[in-house]
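Peer 1: Handing you this structure, nothing more for now.
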Amino acid sequence: MDDHDREQQAELARGVREELQRHGVVGLATTWVDNSGITRVKAVPLARLEHAAAWGIGASPVFDGFLADDSIVAGRFAGSPVGDLRLHPDLSRVVPLAALPGWAWSPAVRYRQDGAVHPQDQRSVAMRAVDQLRQAGYTARMAFEIEWALSTSAPDFVPAAHGPAYGFTRLAERSDYLRELLVALEAQGVAVDQIHPEYAPGQYELSVAAEDPVAAADTLVLVRETIRALSLRCGLHASFSPKVDASGVGNGGHVHVSLSGEDGNIFRGGSGRYGLTEPAESFTAGILERVPALLAVGAPSAASYLRLIPSHWAGAFQVWGLENREAALRIVTGSSGATDAANLEVKVFDLSANPYLTVAAVLFAGLAGMTQGTKLPEPVDVDPASIAEDERAARGIRPLPQTLAESAAAFEADDALTTGLGVELATTLVELRQAEAARFADSSAEQIAAAARWKY
Ligand code: GLU
Ligand code: MG
């Protein structure tokens, strides 16, 4: 960020400010998501927007060392109380918040005081991954599926709907709330694909259209904070925690990804299995091979491992399959005419993850698979838990890590991911995951679920 950029940003801010004033906006809340998946915020009144755009808003680098409970891990590259970063709102993504009248939102990029991007800025890492993919000749479209559990009280979880799973009763029980949510998201320019009751009591799901990976992560932040804010306005509490209750089905944060090369979507029209092209197979194989390591990014909380259990649709085995909801990776082909529909779904992730790191890590893993020409094993078309253990072993079907400590070790050993994210960020992530694992080492499932319930 040099003087010319600062002038440009200030000029842009003047236009944005006028537009926001017309919408009755008084303050801009600009966010980044920390390494533990918490969306942190700084806000300025509109009168300071121009200055914030040109010079950024001060924010300590100590946040890189935060755990979800706000305790701080003093690591090799993070967690120091010394220094300052500048938070620059991305003015191209500013949107008035329909559920928080008077407020607008934008994601931020964190810069150093000398104007260079902070090497541990997660959104910039996602941009770098997109860039590397472009250099390899592909563009990605991604989307997060958003599941949440709605409660009438806190801290105890009391389901806000009692009807059967996926039952119309549940829609009727909360029809005003769900309608207001659709209205708010439409006003914010979010393209909602679907909204419906999920399996667990009080659980709902919303899916959005696929976009550029960084935009998909931004949209997740926007949708999640809209759901949270609207729930509070309605006297309700939304939890995106992987496991609101120690038992039962959890909240996932499944990630969909498709890639386009010169000839369009590479997840269809190929000569490989289920119509995959060869690069799509290698991309998928690169991710499949790294699922244990990827969990340190996409399933980063102790509560994530309460969710990742067999036969709960979270995908607890390192397998892939066509439309298999018990596979870590699910190939979705869609109806034959819908060219956009064919994609890969990573089921194992949840919403305690930082979405920017998630999209970056998925792309780095897939890219490594393409570069190395990684081959896919045989797909699995049943619930792997239904296969006898000795047969699973014979077929090379492995269970995924059952603890955060195991995922952290797999991540630390993975060159593609640690190089992609950069040594500073990768080191910090390992330190944080180890600290989170140690913090909950002696906790019961109930204690872990209770600690995570209102953090995410
Ligand atoms: N709630 C499940 C999970 O924890 C996913 C259910 C579904 O397949 O949509 O991921
Ligand atoms: Mg679902």
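The values are calculated or read from the model by the stated rules, or taken from the named source; none is laboratory data. On a predicted model such as this, the values are computed, not experimentally measured, just so you know. In this analysis, Cβ positions are derived from the backbone assuming ideal geometry, glycine residues included, and neighbour counts consider all displayed protein chains.
Peer 1: Among the residues of segment 154-206, which ones are within 22 Å of the chain's Cα centre (by Cα), in a loop (DSSP other than H, G, I, E, B) and more than 16 Å from ligand 1 (Cβ to nearest atom)?
Peer 2: Of everything in segment 154-206, those that are within 22 Å of the chain's Cα centre (by Cα), in a loop (DSSP other than H, G, I, E, B) and more than 16 Å from ligand 1 (Cβ to nearest atom) turn out to be Q188, G189, V190, A191.
Peer 1: Sticking with this structure for a sec: Return the total of residues in segment 125-176 being of a type in the set (S, T, Y), touching a strand residue (DSSP E or B) at 6+ places or on another chain (Cβ under 8 Å) and more than 16 Å from P213 (Cα to Cα). I'd like the intermediate steps shown before the answer.
Peer 2: Filtering segment 125-176 down to residues of a type in the set (S, T, Y) leaves 138-139, 151-153, 166, 169, 175.
Now narrow it down to the ones that are touching a strand residue (DSSP E or B) at 6+ places or on another chain (Cβ under 8 Å): 138-139, 151-153, 166.
Then drop every residue that is not more than 16 Å from P213 (Cα to Cα), which leaves 151-153, 166.
Count: 4.
Peer 1: Select, from L232, L276, L236, the only residue that is farther than 21 Å from V346 by Cα, of a type in the set (A, V, I, L, M) and without any contact (Cβ under 8 Å) to a residue 60 or more places away in the chain. Let's see the steps before the verdict.
Peer 2: Numbers: L276 fails: farther than 21 Å from V346 by Cα; L236 fails: without any contact (Cβ under 8 Å) to a residue 60 or more places away in the chain.
Within the list L232, L276, L236, the selection yields L232.
Results for (1) among the β-branched types (V, I, T); (2) closer than 20 Å to V109 by Cβ; (3) buried (at least 18 other Cβ atoms within 10 Å of the Cβ); (4) at pLDDT below 95, shown as yes or no for each residue.
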site: R6; (1), (2), (3), (4): no, yes, no, no
site: E11; (1), (2), (3), (4): no, yes, no, no
site: V25; (1), (2), (3), (4): yes, no, yes, no
site: W32; (1), (2), (3), (4): no, yes, yes, no
site: V44; (1), (2), (3), (4): yes, yes, yes, no
site: E50; (1), (2), (3), (4): no, yes, yes, no
site: A54; (1), (2), (3), (4): no, yes, yes, no
site: D64; (1), (2), (3), (4): no, yes, yes, no
site: P81; (1), (2), (3), (4): no, no, no, yes
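Peer 1: Would you check if L67 is away from ligand 1 (no atom under 16 Å from the Cβ), farther than 30 Å from E345 by Cα, of a type in the set (A, V, I, L, M) and out of contact with any Leu (no Cβ under 6 Å at 6 or more places or on another chain)? Let's see the steps before the verdict.
Peer 2: Values: away from ligand 1 (no atom under 16 Å from the Cβ): yes; farther than 30 Å from E345 by Cα: no; of a type in the set (A, V, I, L, M): yes; out of contact with any Leu (no Cβ under 6 Å at 6 or more places or on another chain): yes.
When the stated conditions are applied, L67 does not pass them.
Peer 1: Cβ contacts < 7 Å: first residue surrounded by 13 or more Cβ atoms within 10 Å (Cβ to Cβ), restricted to segment 363-378; second residue outside any helix (DSSP H, G or I), any location; separation 6+ or different chain. Result?
Peer 2: Once the first residue is surrounded by 13 or more Cβ atoms within 10 Å (Cβ to Cβ) and sits in segment 363-378, its partners that are outside any helix (DSSP H, G or I) give L363/A140; A365/R290; L367/A136; M370/A136; L376/W320; P377/G396.
Peer 1: Still on this structure: Considering only residues that are modelled with pLDDT of 95 or more and closer than 15 Å to S241 by Cβ, look in segment 301-336 and name the one that is farthest from ligand 2 (Cβ to nearest atom).
Peer 2: Once the filter is applied, the top-ranked residue is A302.
Peer 1: Looking at the structure I just gave you, is L133 in contact (Cβ under 8 Å) with a residue 60 or more places away in the chain and within 16 Å of ligand 1 (Cβ to nearest atom)? Can you show your working first?
Peer 2: Working: in contact (Cβ under 8 Å) with a residue 60 or more places away in the chain: yes; within 16 Å of ligand 1 (Cβ to nearest atom): no.
Taking the combined requirement at face value, the residue does not satisfy it.
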